[in-house]
Amino acid sequence: MSWTHAFDGSPDAELKSTLPSDFHWGFATAAAQVEGAWNKDGKGESIWDRFCHTPGKVKDGSTNEDATCAYDLYKQDVTLMKSFGVTAYRFSLAWSRLIPLGGAEEPVNETGVEYYNNLIDELVTNGITPFVTLFHWDTPQALEDRYGGMLNQDKYTTDFVRYARLCFERFGDRVKHWITYNEPGVYTLAGYAAGVHAPARSSFRDRNDEGDSSTETFIVAHTELVSHAHAVKVYREVFKEKQGGQIGITLHGNYSEPWDANDPKDVAAAQRAREFEIAWFADPIYGHGDYPRSMRDQLGNRLPSFTDEERALVKGSSDFYGMNTYTTFFVRHLDGPADINDHLGNVEKLDTNSEGKSRGAESDTYWLRTAPEGFGKLLRWIWDRYHVPIYMTENGTTAKGEHVEAPPPERVLNDTFRVEFFHSYLRELARAVQDGVDVRSYFGWTFTDNWEWAAGYEDRFGCTWIDFKSEHKTRYPKRSSYFLRDYFRHLIK
Ligand code: LGS
């Protein structure tokens, strides 16, 4: 099948050439979701390896032992990406592939270094700019066992900074875009509050006497912020000038709209929800250097405090704002702490508003709906509050019914739902840029179908379909890949 005219350009004439010529677009992935080779060539165990080998944790009972075999097939993948015309590729390094036991005193796995050197060289040779994430959720299991991982801020920070330094030293001659953490908020909410992701701890199992859920979620977030800032300090002091790169962090953010726009309580709840989700990390880094007032008011001393030294270190510790977004929710005010809601600002997240308006078209994934309007508002909200260059580092969707036997039927490869998702979000992006918002990249989530964490292989976010049962994980491009190629040709100068 060939899609020579995945986008013909006519309806969006007013958006043509809106994006600057150095705008980067491509796909994003994460090591634990694509590499496979989970224990090959000296790689150590990560908390996700442990999690997926624990019965009952992953929806379809799968593991990421092979995933998409990107470890073995990286050359083929770079060729495929090139055929889509990408200018950049965002991927993560597996800490336990580089330092199998994770710790600052532990040996480096040179075979792991060589793998990433090969991947980076292959990208650069093909004219694709690498955007590298240091941490996309796969903490070395050894650190979890030794001292509780991120619950031990000092020990963990020492180890993370050593790992970061190793990456700058070995790859920084070719990597000019560094992201310390991917979605620190999702890591801690899903791993420590809900307990549905590794390391599968749950605040709700151990409430204190007042009935509040424990503080672990917020302690881990604090560790992420402080260790991020220490890694950035090392980069800026030792490497930045020589290597000429940039460093930042990627935060998750799904816009919140009030359930009833005429009810001041819901209007306040929507703002509170944005602050609990986004400003939790963004205010300390890009704003006033501390957690938002709304969080302190509600959480009291369950929210850690920054020492003066930490505050000074964290404030301003990013050259750009990395942003992942997927959908929008309607939120309604709640009166008291209730389960996970107190981690989200005492709000209820709903699919329809008080007038019955839906937040958007449904996909195969329960939380996901196509909601481009909220995306446009989110970009402006972040720009107005922080005024920092934005790199869109993830955005994408599942369609319905792509979980089929090979070969995939035409309706699966002609993924109209995903094309419409991208089209509607990119229109919003281009309009925001026209209005003066400084957006510098767009990475679609994701390159190929992959191992979607606790959802296993059932949620297919890929712009290329994968036959996971085949020996070499045969790849079948979907139309969305060609749509992105053609639409970016139209948008970029
Ligand atoms: O695969 C992940 C994608 C898919 O959807 C990727 O590794 C992550 O960085 C990212 O979190 N991803 C993702 N996130 C959407 C989370 C939305 C949460 C909404 C929860 C509502 C109850």
Legend entry - Span-rule helices in the chain, defined as complete DSSP H runs reaching 15 Å or more along the axis (Cα) with Kyte mean at least 0.0: 216-234
Legend entry - Under 12 Å from the Cα of LYS233 - aspartates and glutamates, other chains or at least 8 residues apart: GLU310, ASP319
Legend entry - Candidate lysines - alpha carbon under 26 Å from LYS265, same-chain residues fewer than 8 apart omitted: LYS349, LYS357, LYS377
Inset, instruction - Keeping the other protein chains in place, figure out the carbon and sulfur percent of the accessible area of the chain, with a 1.4 Å probe. - result: 48 percent
Legend entry - Computed label-point distance, nm, for sites LYS16 and HIS53 using a 7 Å Cα→Cβ extension: 5.7 nm
Inset, instruction - Using a/c under 1.5 as the rounded threshold, could you call region 51-111 rounded, prolate or oblate? The axes a ≥ b ≥ c are square roots of the C-alpha gyration tensor eigenvalues, and prolate needs a/b larger than b/c, oblate otherwise. - result: oblate
Legend entry - Accessible surface of ILE492 - all protein chains present, 1.4 Å probe, nearest 10 Å²: 30 Å²
Inset, instruction - Leaving ligands, DNA and RNA out of it, rank ASP154, ASP335 by accessible area with a 1.4 Å probe, largest first. - result: ASP335, ASP154
Inset, instruction - With a Förster radius of 51 Å, plug the Cβ-Cβ distance of HIS403 and ASP335 into 1/(1 + (r/R0)^6) and report the FRET value to the nearest 0.05. - result: 0.80
Inset, instruction - Using only alpha carbons, build the gyration tensor for the chain and give me the equivalent ellipsoid semi-axes, biggest first, whole Å. - result: 31, 29, 23
Legend entry - Relative contact order for the chain, counting Cα pairs under 8 Å that sit 6 or more residues apart, in percent: 19 percent
Inset, instruction - Can you send over the solvent-accessible area of GLU355, 1.4 Å probe, protein chains only, in Å² to the nearest 10? - result: 150 Å²
Inset, instruction - Quick one: divide the alpha-carbon radius of gyration of region 154-199 by 2.2 N^0.38 Å and tell me what you get. - result: 1.46
Legend entry - Charge context of TRP137, other residues only, Cβ under 15 angstrom, K/R +1, D/E -1: -4
Legend entry - 1.4 Å probe accessible area per residue over region 130-180, in Å²: 29 Å²
Legend entry - Order of exposure, largest accessible area first, which applies to TRP259, TRP451 with probe 1.4 Å: TRP259, TRP451
Legend entry - Qualifying lysines (Cα of each under 17 Å from Cα of LYS240; at least 8 residues distant if same chain): LYS176
Legend entry - Relative contact order of region 351-441, pairs being alpha-carbon contacts under 8 Å that are 6 or more residues apart, as %: 35 percent
Inset, instruction - Determine Rg/Rh for region 40-162; Rg is computed over alpha-carbon atoms and Rh is the Kirkwood hydrodynamic estimate from the same atoms. - result: 1.01
Inset, instruction - Give the long-range amide H neighbours of ARG440: residues separated by 5 or more places, or on another chain, with amide H under 5 Å away, using H modelled in the peptide plane at 1.01 Å from N. - result: ILE390, TYR391, MET392
Inset, instruction - Could you compute the FRET efficiency for GLU114 and ASP438, with r as their C-beta to C-beta distance and R0 at 35 Å, rounded to 0.05? - result: 0.40
Legend entry - Solvent-accessible heavy-atom area per residue, rounded to whole Å², over region 369-493 at 1.4 Å: 33 Å²
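The values are calculated or read from the model by the stated rules, or taken from the named source; none is laboratory data. The structure presented is a predicted model; accordingly, all values stated were derived computationally and were not measured. When we count neighbours, we look across all protein chains shown, and the Cβ atoms used for this are built from the backbone with ideal geometry, even at glycine. Heavy atoms of the whole protein, side chains included, go into the accessibility calculation; ligands, DNA and RNA do not. Shrake-Rupley method; radii C 1.70, N 1.55, O 1.52, S 1.80 Å.
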